[in-house]
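The next block holds one structure in the form of structure tokens; read it before the comments.
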Amino acid sequence: MDKVIYPEKLKRGDEIRIITPSFSMAKWPKELLDLAIKRFTDMGLVVSFGKHVREFDDFESSSIESRIFDLHEAFGDKSVKGVMCAVGGYNANYLLEGIDWEIIRQNPKFFCGMSDITVLSNAILAKTGLVTYSGPNFRNFGQKMYFDFTLEYFKKLALKSETI
């Protein structure tokens, strides 16, 4: 790592792409998904999803190739300003050998997730110098109760101060 890269904070109108480097979103209840999307749109953000977020295999995930495709596409898409992981799991480590680190280095963006996503966050920093954030996954935004604290600090972490 030559230098540390701090991503731009998000602002109103920015697109945030939801990807699934670990578990799939295939079994998510509509109510949870709708609430999570609403909370992002209430912050002024536009939510989009990776092409393969609903694929589902024996490991409750999608293929390694599909997950890498969505990661590369999220970082490579100039209209996407932030990347958030849908949920953790236990198999994000299988992506590491197939990631094109140059795509991430050349397109630094806000990246957030936790749990199994920590392996990606650490690798992104080590391989590209991009600072990532250990914070809520997209699924957490679908929580009905006890979410106020998470939302307050996510805004402080992710959004430009004039957006809050």
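Tell me the per residue accessible area of the chain using a 1.4 Å probe; a whole number in Å² is fine. Please list the in-between numbers first.
Working: 8360 Å² over 164 residues.
I get 51 Å² per residue for this part.
Express the carbon and sulfur contribution to the solvent-accessible surface of the chain as a percent, rounded to the nearest whole number, probe 1.4 angstrom.
Carbon-and-sulfur percentage of accessible area, whole number: 54.
Going by Cα centres, segment 62-80 and segment 95-164 are how many Å apart?
Between the Cα centres of segment 62-80 and segment 95-164 lies a distance of 15 Å.
Which Rg and Dmax, in Å, describe the Cα atoms of segment 57-110?
My reading of the Cα-based Rg and Dmax gives 11.6, 34 Å.
Just need the relative contact order of the chain here, percent rounded to a whole number, with Cα pairs under 8 Å and 6+ apart.
Relative contact order comes out at 31 percent.
State, to one decimal in nm, how far the label point of Leu157 lies from the label point of Lys38, with both points 7 Å from Cα in the Cβ direction.
2.3
Tell me the net charge near Ser22. Cut-off is 13 Å between Cβ atoms, Ser22 excluded, with +1 for each Lys or Arg and -1 for each Asp or Glu.
Computed value for this residue: -3.
Is there a quick way to get the dipole size of segment 1-139? I mean about its Cα centre, with the Cβ of Lys and Arg at +1 and of Asp and Glu at -1; what is the value in debye to the nearest 20?
Details: 18 positive and 19 negative charges, 126 e Å.
So the dipole magnitude of segment 1-139 works out to roughly 600 debye.
Check Val46: other-chain or 5+ apart residues with amide H under 5 Å from its amide H, H built from backbone geometry?
Here the answer is Gly13, Asp14, Glu15, Ile16, since their amide H atoms fall under 5 Å of that of Val46.
Give me the Kirkwood hydrodynamic radius of the chain, using the inverse of the mean 1/r over all pairs of distinct Cα atoms, in Å to one decimal.
Details: mean 1/r = 0.0637 Å⁻¹.
Computed over the chain, the radius equals 15.7 Å.
Among 42-51, 14-23, 108-117, what's the highest-first ranking by average C-beta atoms within 10 angstrom per residue?
On the way: 42-51: 16.6, 14-23: 24.9, 108-117: 21.3.
Going by the mean number of other Cβ atoms within 10 Å, highest first, we get 14-23, 108-117, 42-51.
List the lysines whose alpha-carbon lies under 23 Å from that of Lys81, not counting same-chain residues fewer than 8 positions away?
Lys3, Lys9, Lys11, Lys38, Lys51, Lys109, Lys127, Lys155, Lys156, Lys160
The values are calculated or read from the model by the stated rules, or taken from the named source; none is laboratory data. Predicted, not measured: the structure shown is a model, and the values here were computed from it. Cβ coordinates were reconstructed from backbone atoms using ideal geometry, including for glycine residues, and neighbour counts include every protein chain displayed. The area values use the complete protein model at the heavy-atom level, side chains included, leaving out ligands, DNA and RNA. Shrake-Rupley method; radii C 1.70, N 1.55, O 1.52, S 1.80 Å.
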